[in-house]
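Notes to accompany the following structure.
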Amino acid sequence: MKDAPYIKTELSLTAAEANVQALVFMLPILVLYMVPYALLWPEQFSYQVIENFVLEQGGRVLFYPFLMLLVFVLGAVVHELLHGLTWAFFCKQGIRSIKYGVHWRYLTPYCHCQEMLPLRPYILGGMMPGLVMGLLPALAGMVTGNLLLFLFGLFFSIAASGDLLVLWMLRHAKSTDLVQDHPEKIGCYVLSRR
């Protein structure tokens, strides 16, 4: 298999292009999450409940922007760690094959797997943050009616829009293909057997 000839196809976007194209995934996520939550817990969207919440919080409301920024920054770190740890599990060199950084121009953190992976492990690593930090907390919040947990999951599902974009770019790949993370752009190279 190592010596088999492959066709190498680049599927990538710049960080700026990816940020714009990922917007396409945000509206469906909002609809798929918000509609069921509002149907299950309509009382949480009444003016009275929102007014009571704000009054109960008093001066603590001023603390929320700082707390939200902290959750966002720590969440971005955990998001990238989830990519890396999942991919590292399938890499021959383990965690040594994973590189982390930030595209400072776009304030976009990244995780780069330096080894070539089979399609399924690559996809698993790509979807892990959206699943663990997005979908699962949102579903738990939806089932329990915990609005903060639901909003946490909604936010981190939207934050995984870029990952969904890369997975969408791989929709025509075959299970026998190998995937190499792109070292500089958002996306990857797909190696298909001739």
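Could the peptides 186-193, 33-40 be put in order, highest first, of the mean number of other beta-carbon atoms found within 10 Å of their residues?
Packing order, densest peptide first, comes out as 186-193, 33-40.
How high is the FRET efficiency between THR108 and ALA140 when r is their beta carbon distance and R₀ equals 30 Å, given to the nearest 0.05?
Calculated transfer efficiency: 0.60.
Just from the alpha-carbon atoms, what are the Rg and Dmax of the range 88-178 in angstroms?
Rg and Dmax of the range 88-178, Cα atoms, are 15.2, 43 Å.
Compute the helix-to-body angle for 47-57: its Cα long axis versus the longest principal axis of the chain, expressed 0 to 90° and rounded to tens.
Relative to the chain, helix 47-57 is tipped by roughly 90 degrees.
When only C-alpha pairs under 8 Å and at least 6 residues apart count, what is the relative contact order of the chain, in percent?
Relative contact order, the chain: 33 percent.
Tell me the angle of helix 23-40 to the major Cα principal axis of the chain, expressed in degrees between 0 and 90 and rounded to the nearest ten.
Long axis of 23-40 versus the principal axis of the chain: about 40 degrees.
State, to one decimal in nm, how far the label point of TYR100 lies from the label point of TYR6, with both points 7 Å from Cα in the Cβ direction.
2.7 nm
Taken together, the values in this text are just the output of simple stated rules run on the coordinates, not laboratory data. All values derive from a computational prediction rather than experimental measurement. Heads up, the Cβs are rebuilt from the backbone with ideal geometry, glycines too, and the neighbour counts pull from every protein chain shown.
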